[in-house]
Amino acid sequence: MDVQVCDQDEPADDGLVPDAGFARTRAANPNELWGTDITESGIPTGKVYLPPVIDRYDGMPVA
């Protein structure tokens with residue numbers, strides 16, 4: 001499986017901004033393309049981070 005890492009400050013190789021490009025990316029088959037993003041939330045004791053892995057075929061969480 002190939003892994004592509006996108007820096008938020010730099011466009012991906014295809015010239016798309018990572019968030020905008022990811023939102024339009026769909027896979028033709030299950031488990032063909034996974035994506036992730038990190039969500040930061042504040043709690044009384046500090047910050048927590050939630051990095052879900054999403055199957056881009058149907059948008060369901062993998063992990």
## Note on the structure
With all protein chains present and a 1.4 Å probe, the order of Ile38, Ile43, Ile54 from largest accessible area down is Ile38, Ile43, Ile54
### Query
Taking amide H positions as placed 1.01 Å from N in the peptide plane, with prolines and chain starts having none, which residues 5 or more places from Trp34, or on another chain, fall under 5 Å of its amide H?
Arg56
### Query
trypsin sites (Lys or Arg not before Pro) within the stretch 24-63: which are DSSP loop residues with at most 13 other Cβ atoms inside 10 Å?
Arg24, Arg26
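The values are calculated or read from the model by the stated rules, or taken from the named source; none is laboratory data. Computed from a predicted model, the values in this text were never measured in an experiment. Methodologically, a virtual Cβ is constructed for each residue, glycine included, from the backbone with ideal geometry; neighbour enumeration extends over all protein chains shown. SASA here: full protein model, heavy atoms, side chains in, ligands and nucleic acids out. Shrake-Rupley method; radii C 1.70, N 1.55, O 1.52, S 1.80 Å.
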